[in-house]
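Everything below concerns the one structure shown next.
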Amino acid sequence: MLDLKFVRENPETVRQAMQKKGEEADLAGLLTSDRERRDLLKEVEELKQLRNRVSREIGKAGADSEYAREKKLEMKEVSARIKDYDEKLRDIDLQIEQLLLNLPNLPDPVVPHGYDEEDNVEIRAWGEKPEFTFTPLAHWDIGDNLDIIDVPRAGKITGSRFALYYGAGARLERALFNFMLDLHTNEHGYREVFPPFLVNAASMTGTGQLPKFAEDAFKVENTDLYLIPTAEVPVTNLHRDEILEGDQLPLYYAAYSACFRAEAGAHGRDTRGLIRQHQFNKVELVKFVKPEDSMDELEKLTRDAEKVLQLLGLPYRVMLMCSGDLGFAPAKKYDLEVWLPAAGTYREISSCSNFTDFQARRAGIRYRPGEGQKAQFVHTLNGSGVAVGRTVAAILENNQQEDGSVVIPEVLRPYFNGIDKIYRGVVPRKGNSGK
RNA sequence: GGAGAGAUGGCUGAGUCUGGCUGAAGGCGCUCGCCUGGAAAGCGAGUAGACGGGGCAAAACCUCGUCUCGUGGGUUCAAAUCCCACUCUCUCCGCCA
């Protein structure tokens, strides 16, 4: 959310930002309502001042005094008018709130102008794309051949865009999020959080999923609760409506969670495999920082996410999102894209964003820079560290061997009792060397 | 699910029965000052937020006003205080992984 005062004083800046991002919102309506609100406010406050003053005087003069009898009728009238104004004001406040919640964040000046993913800028790339002496299979075929991923039965149990894992596949999923959490908590200084997977509407509004993107979320019937689309939502809302002390910052959190997305509007896209599921696992990194540090913190956060892919030996590139692909809430965003050899493309596996004070203002997350100083909004950041399902896909595809087996990345082997390969029928239990 | 208790500032805690300069006593904490070689103790002063108007080029800040005692409504000239609904927390019982 943008500051209403800022919007009032810089409408042209806001208009340009919307245009750059390709977002639509009723800016003119907002400015009109704001003007109307301030006019109303002035009138009603004058009436309230009058009523307050007279009420005090009635109290002093005594409720049965001549003065009281005379003024009571008059004030009854005033109260009725106040009530009338207050109702109008409440309507317009609500209107302003909604309009404001639908204004996108301002893009950072360094964000390149562009319209879609074609205009994103590659910042750096890492790793060697594997060379195959055979035609590499897609991960869904590998998973099927190894009997570790079962899509048909997940479809029977639940529906499309779900998968279930067996044996080494399930172990791989679990090994990955354990590895990621271990890395970020042990090496990168994040505090582990295990959050609720259901959140209320206020939390969804705080991070920006609501009201604009309601159709992307699963809502639990007969409740106010939503399945989280990312751990970003519960973790960022940890400090909703709080004032943090300046010396507490920066705060780093790492959270594993399942993520649930309706994928409305993605019909027919990525229908096969693990790339686009209604439910997937992810380790999310969330930071609360001082405004002046947030751009540096975004760089560090991105590096922390990259480290996961580096240790897993997965080739990837870092893309700076152009204005048109930036999205609603971020001011600046990097995507990490992992190499998927079967399709011969890079696919997004992590998204690292600086939201500046956009979420903080929505969620009321502030900090006190120093003793006696006025509280101001923190900057929030988050990034996937990283999406687990897509990592499984990337490992299966990049590490596949001609005999159909898949080499387990070195750093994951401790989670596999030392087994170094997944092949059909392998059981990663203790004492099984995998030979 | 049944029964009961509660929600007040950064924290703690009065005020609610008996409505009226109470945005709210006291304590703790914090800030500044005095004291001290320095510190503790002691003493003095200060210490909520949001919104709108005015001062200011603007921020900080100053000033005036309005709102806020879980949330929303009602009664009243006037509500932390009375009435209703809801939310949340705690205790006991039941059920349950």
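For the range A:365-385, which positions are modelled with pLDDT of 85 or more, within 12 Å of RNA strand B (Cβ to nearest atom) and part of a loop (DSSP other than H, G, I, E, B)?
If the condition is that a residue be modelled with pLDDT of 85 or more, within 12 Å of RNA strand B (Cβ to nearest atom) and part of a loop (DSSP other than H, G, I, E, B), then no residue fits.
Within the range A:157-178, can one find any residue that is at pLDDT 90 or above, within 30 Å of A:Asp357 (Cβ to Cβ) and open to solvent by less than 50 Å² (accessible area, probe 1.4 Å)?
Going residue by residue through the range A:157-178, those that are at pLDDT 90 or above are A:157-178.
Okay, now just the ones that are also within 30 Å of A:Asp357 (Cβ to Cβ), so none.
The answer is no, given that none of the residues of the range A:157-178 is at pLDDT 90 or above, within 30 Å of A:Asp357 (Cβ to Cβ) and open to solvent by less than 50 Å² (accessible area, probe 1.4 Å).
Given the structure, is A:Thr230 touching a strand residue (DSSP E or B) at 6+ places or on another chain (Cβ under 6 Å) and either closer than 23 Å to A:Phe355 by Cα or open to solvent by 50 Å² or more (accessible area, probe 1.4 Å) (or both)?
Details: touching a strand residue (DSSP E or B) at 6+ places or on another chain (Cβ under 6 Å): yes; either closer than 23 Å to A:Phe355 by Cα or open to solvent by 50 Å² or more (accessible area, probe 1.4 Å) (or both): yes.
So A:Thr230 fits the description; yes.
Each row is one residue, and each column tells you yes or no for (1) among the polar types (S, T, N, Q); (2) at negative phi.
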{"position": "A:Thr185", "(1), (2)": "yes, yes"}
{"position": "A:Phe197", "(1), (2)": "no, yes"}
{"position": "A:Ser203", "(1), (2)": "yes, yes"}
{"position": "A:Phe218", "(1), (2)": "no, yes"}
{"position": "A:Ile228", "(1), (2)": "no, yes"}
{"position": "A:Glu263", "(1), (2)": "no, no"}
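Among the residues of the range A:121-135, is there at least one that is at pLDDT 95 or above and open to solvent by less than 20 Å² (accessible area, probe 1.4 Å)?
No.
Which residues, counting only those in the range A:410-431, are among the small types (Gly, Ala, Ser) and more than 36 Å from the chain's Cα centre (by Cα)? Before the answer, list the steps.
Step one: filter the range A:410-431 for residues among the small types (Gly, Ala, Ser), giving A:418, A:425, A:431.
Result: A:Gly425, A:Gly431.
Just for the range A:337-362: of the residues that are under 19 Å from A:Leu244 (Cα atoms) and out of contact with any His (no Cβ under 8 Å at 6 or more places or on another chain), which one is nearest to RNA strand B (Cβ to nearest atom)?
For the range A:337-362, the residue satisfying everything is A:Arg361.
Can you name every residue in the range A:82-100 that is within 27 Å of the chain's Cα centre (by Cα) and open to solvent by 60 Å² or more (accessible area, probe 1.4 Å)? Let's see the steps before the verdict.
In the first step, residues of the range A:82-100 are kept if they are within 27 Å of the chain's Cα centre (by Cα); the result is A:93-100.
Selection gives A:Asp93, A:Leu94, A:Gln95, A:Glu97, A:Gln98.
Would you mind stating whether A:Gly389 is touching a strand residue (DSSP E or B) at 6+ places or on another chain (Cβ under 8 Å) and not in a loop (DSSP other than H, G, I, E, B)? Spell out the reasoning first.
Details: touching a strand residue (DSSP E or B) at 6+ places or on another chain (Cβ under 8 Å): yes; not in a loop (DSSP other than H, G, I, E, B): yes.
Yes; evaluated as a whole, the condition is true for this residue.
Would you mind stating whether A:Gln248 is over 15 Å from the mean Cα position of the chain (by Cα), within 20 Å of A:Tyr190 (Cβ to Cβ) and among the polar types (S, T, N, Q)? Break it down stepwise before answering.
On the way: over 15 Å from the mean Cα position of the chain (by Cα): yes; within 20 Å of A:Tyr190 (Cβ to Cβ): yes; among the polar types (S, T, N, Q): yes.
Answer is yes for this residue.
Just a yes or no: is a residue in the range A:192-204 in the same structural domain as A:Ile365 (by TED's automatic domain parsing) and within 21 Å of A:Tyr334 (Cβ to Cβ)?
First, the residues of the range A:192-204 that are in the same structural domain as A:Ile365 (by TED's automatic domain parsing): A:192-204.
Cutting the leftovers down to within 21 Å of A:Tyr334 (Cβ to Cβ) gives us none.
No, the range A:192-204 contains no residue that is in the same structural domain as A:Ile365 (by TED's automatic domain parsing) and within 21 Å of A:Tyr334 (Cβ to Cβ).
Checking A:Lys5 against (1) of a type outside the set (A, V, I, L, M, F, W, C); (2) in contact (Cβ under 8 Å) with a residue 12 or more places away in the chain; (3) out of contact with any Leu (no Cβ under 6 Å at 6 or more places or on another chain), which single condition isn't satisfied?
In the conditions (1) of a type outside the set (A, V, I, L, M, F, W, C); (2) in contact (Cβ under 8 Å) with a residue 12 or more places away in the chain; (3) out of contact with any Leu (no Cβ under 6 Å at 6 or more places or on another chain), A:Lys5 misses (2) alone.
Of A:Ala202, A:Ala175, A:Ala125, A:Ala138, which residue is touching a strand residue (DSSP E or B) at 6+ places or on another chain (Cβ under 8 Å) and not β-branched (Val, Ile, Thr)?
Values: A:Ala202 fails: touching a strand residue (DSSP E or B) at 6+ places or on another chain (Cβ under 8 Å); A:Ala175 fails: touching a strand residue (DSSP E or B) at 6+ places or on another chain (Cβ under 8 Å); A:Ala138 fails: touching a strand residue (DSSP E or B) at 6+ places or on another chain (Cβ under 8 Å).
Residue meeting the stated conditions: A:Ala125.
Looking at the range A:1-49, which of its residues are open to solvent by less than 20 Å² (accessible area, probe 1.4 Å) and in contact with a Gly (Cβ under 8 Å, 6 or more places away or on another chain)?
Within the range A:1-49, A:Lys21 is the sole residue that qualifies.
Among the residues of the range A:179-208, write down those that are at pLDDT 90 or above, touching an Asp or Glu at 6+ places or on another chain (Cβ under 7 Å) and either surrounded by fewer than 21 Cβ atoms within 10 Å (Cβ to Cβ) or of a type in the set (S, T, N, Q) (or both).
A:Leu181, A:Thr185, A:His188, A:Thr207
The values are calculated or read from the model by the stated rules, or taken from the named source; none is laboratory data. Since the model is a prediction, treat every value here as computed from it, not as a measurement. Here Cβ is always computed from backbone atoms with ideal geometry, including for glycine, and neighbour counts include all displayed protein chains. In case anyone asks, the SASA skips ligands and DNA or RNA and just uses the protein heavy atoms, side chains included. Shrake-Rupley method; radii C 1.70, N 1.55, O 1.52, S 1.80 Å.
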